[in-house]
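The structure appears right after this line, and notes come after that.
The values are calculated or read from the model by the stated rules, or taken from the named source; none is laboratory data. The structure displayed is predicted, hence computed values, not measured ones. Here the Cβ positions follow ideal geometry from the backbone for every residue, glycine too, while neighbour counts run over all protein chains shown. In case anyone asks, the SASA skips ligands and DNA or RNA and just uses the protein heavy atoms, side chains included. Shrake-Rupley method; radii C 1.70, N 1.55, O 1.52, S 1.80 Å.
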Amino acid sequence: MDKASIQRMVTLTVCMLKAAQGEYYVPAAASARHVHLSKADVAALFGEGYELKPMKPLSQPGQFASEEKVDIVGPRGTISGVRVLGPARKETQIEVSMTDAFKLGVKPVVRMSGNIADTPGAKLVGPRGSIDVGQGVIISARHLHMSKDEAAAYGLKNGDSVSVKKGGIRETLFGNVIVRSGDGHSLEVHIDTDEANAAMLNNGDLLEIIK
């Protein structure tokens, strides 16, 4: 087990001990721009039969950052070398920040992951081809991942909305944080890079949950 995995286990243990005492904290992660691809789009961008190559596991069970990268091309500009996350999904989804949306020239739309109906599209360019994605460019809504046991310990359930507080010189209260609980989720709040940078938030910082 690597150092990062050990540190995360320690952090989760501390959070659960605090929850048992009625104090609710969650580790934070700044969610950088990334792309989720469908199997068909993996093939179109990297070649028929291509499989994404895991580079490192992510905090959410079963998910990984892959070795593969693509370019996102919008009406106004291009963002090169954007990481693809795996495994492949049912639909392709492109997650960017507000700053990225301005650079690309796409209308910023805040959505929960998977809710991509009527969102802007963009062009993706890979080493073996390119595709025009009709929809799927989103700014990810703030959300809190929790397993079923963690949600029970925190007195929360899937779909609840909470606020999380970051202390320090740039104390910030992030509202409208949606709980995502169930199999494949592990305690962590995801905030995009624009918001994280403005609050001087670092990955792994503990934020207090305000119900």
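Things worth noting here:
- For the chain, with all protein chains in place and a probe radius of 1.4 Å, 51% of the accessible heavy-atom surface sits on carbon or sulfur.
- Taking a Cβ cut-off of under 9 Å around Ala65, the surrounding Lys, Arg, Asp and Glu residues balance to a net charge of +1, with basic ones at +1 and acidic ones at -1.
- Tail weight of P(r) past 17 Å, computed on alpha-carbon pairs of region 156-199, percent: 37 percent
- Ignoring lysines fewer than eight residues from Lys166 along the same chain, the ones with Cα atoms less than 18 angstrom from its Cα are Lys18, Lys211.
- Per residue, region 77-170 exposes an accessible area of 47 Å² to a 1.4 Å probe, with every protein chain left in place.
- A simple spin-label model places the labels of Glu48 and Ala141 4.1 nm from each other, with each point 7 Å out along Cα-to-Cβ.
- When shorter helices are ignored and each DSSP H run of at least 4 residues is given -39500 (n - 2.57), the per-residue value for the chain at 222 nm works out to -6000 deg cm²/dmol.
- Neighbourhood net charge (14 Å Cβ-Cβ; Lys/Arg +1, Asp/Glu -1) for Ser163: 0
- Asn158 long-range amide H proximity, modeled H, under 5 Å: Ser181
- Two-site label geometry, Ala4 and Ala152: point separation in nm, points 7 Å out along Cα→Cβ: 3.1 nm
- Qualifying aspartates and glutamates (Cα of each under 19 Å from Cα of Lys157; at least 8 residues distant if same chain): Glu23, Asp149, Asp183, Glu188, Glu208
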